[in-house]
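Visitor: I have a structure I would like to understand better, so I am pasting it below and will then ask my questions one at a time.
Every number here is computed from the coordinates shown, using simple stated rules; none is lab data. Quick caveat: nothing in here was measured; it's all calculated off a predicted structure. Heads up, the Cβs are rebuilt from the backbone with ideal geometry, glycines too, and the neighbour counts pull from every protein chain shown.
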Amino acid sequence: MKLSKKLVATLTAGVMAFALFGLAGCAGSDQSDATKESTTEEINAQDIEVTASGYTVLPDQTVSYAFTVENPNEGYVANSVTFTIEGYDENDVMLIGGGETIQEVYPGVTTAAAGTSYLSDPSATIARFEIKPLMQNVLWTKATETPEQLNSMFQLSDTQVTEGDGSMTITGSISADMPSNDEEGGSALDNRMDAHVVAILRDADGNIICGGSAMGIMLDPSMTPVTTSGSGVVPGTVDENGNLVDEEGNPIEPNDAEVISGEPTEEDLQAEGEEGTSKATTTYTITIPGVVSYATVDVYATPGI
């Protein structure tokens, strides 16, 4: 399988592909220009655009929906955008109603969301389905990363879909380049990245069928490999004379040590970049409460919880 630079990881007819999508680090606590919040009126912001949406009514009357949005306001990140989710019958009687909030919508990249509602009347038919942003309460901060930077900071891979117990489960791996672990004065939480991962199922024509999300995916430097390069005795490795030692520097047998070389392995060197970064990787799981026929699965990853 080959890693390709696309905005989504697409799984089509059992063939898995990879994708890159953006993830930005957490902003600092100081009120710099980058973190200062502005209102929609102050920057005369255009509405967030809902670029595609769709839904499926499952046998238990659960309505599984998904949608994608874009922020047309170049240079500004929309924070805590709430969208109304409404479905009406042919007589404009509301059948379903709800809301979905996206924590951050960056300019120049596609952001996805998914959720569920409930159709209380099993005999009713949804004739009109609408998703709209509530712009009046949106706060804006200046973007510090370009779309190109966001698209190259995150990797999605190993996308798989399984069915069982009347539901569908989508799993995969998510990776990001992180600052080096050995920077003084820092901690894992200082440099952590939070990701909101969304899977969208589409039909053969590309129309959205339904979707699901995995919130609270976190990556931090503690997930990166620790190399053993440098001077001095490294516990559980070797000393400067090539002798295998324990944490106190005492000789130990090779079979008792997990690491038998004081030099970084080829795998470590690949994980640690030229700029002192390492790749952190974790997994995600998304459950859709029903089984539907689909042609493709698109997986999106964006900053947020």
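Visitor: Tell me, 279, 36 in order of fewest to most beta-carbon neighbours within 10 Å?
Guide: 36, 279
Visitor: Can I ask one more? Using the 10 angstrom Cβ neighbour count as an exposure proxy, how do 200, 208 rank, fewest first? Intermediate results must be reported in sequence, preceding the final value.
Guide: Working: 200 27, 208 21.
In increasing order of surrounding Cβ atoms, one gets 208, 200.
Visitor: Tell me, what ³J(HN,Hα) does each residue in the range 76-93 have, in order and in whole Hz, if you take phi through Karplus 6.51 cos²θ - 1.76 cosθ + 1.60 with θ = phi - 60° and put x for Gly and Pro?
Guide: The phi angles translate into 10, 9, 8, 10, 6, 8, 9, 10, 7, 10, 9, x, 10, 8, 5, 9, 6, 8 Hz.
Visitor: I would also like to ask the following. In whole Hz, with x marking every Gly and Pro, tabulate ³J(HN,Hα) for the range 60-67 from phi via Karplus 6.51 cos²θ - 1.76 cosθ + 1.60, θ = phi - 60°.
Guide: Karplus values, whole Hz, x for Gly and Pro: 8, 6, 6, 9, 9, 10, 7, 7.
Visitor: Under the classification rounded if a/c is under 1.5, otherwise prolate if a/b is larger than b/c and oblate if not, where does the range 59-176 fall, given a ≥ b ≥ c as square roots of the Cα gyration tensor eigenvalues?
Guide: Oblate, because a/c is 1.5 or more while a/b does not exceed b/c.
Visitor: What order, most packed first, do the peptides 144-154, 100-110 have when packing is the mean number of other Cβ atoms within 10 Å of each residue?
Guide: Numbers: 144-154: 17.0, 100-110: 19.7.
Output ranking for 144-154, 100-110: 100-110, 144-154.
Visitor: Shape verdict for the range 129-169, please, from the Cα gyration tensor: rounded (a/c under 1.5), prolate (a/b greater than b/c) or oblate.
Guide: It comes out oblate by the Cα gyration axes.
Visitor: To continue, here is another question. Scan around residue 127 for amide H atoms under 5 Å from its own, H built in the peptide plane at 1.01 Å from N, and keep only partners 5 or more places away or cross-chain.
Guide: Correct list: 88, 89, 90.
Visitor: Now for a different question. Could you list which residues have their amide H under 5 Å from that of residue 109, counting only those 5 or more apart in sequence or on another chain, with H placed in the peptide plane?
Guide: So residue 109 has HN proximity to 71.
Visitor: Show me, for the range 192-204, the HN-Hα J-couplings you get by feeding each phi into the Karplus relation (A = 6.51, B = -1.76, C = 1.60, θ = phi - 60°), rounded to Hz, glycine and proline as x.
Guide: Per-residue couplings from phi come out as 6, 10, 9, 10, 10, 9, 10, 10, 10, 8, 10, 8, 5 Hz.
Visitor: If amide H atoms are built 1.01 Å from N in the plane of the peptide, which residues on other chains or at least 5 residues away come under 5 Å of the amide H of residue 139?
Guide: 79
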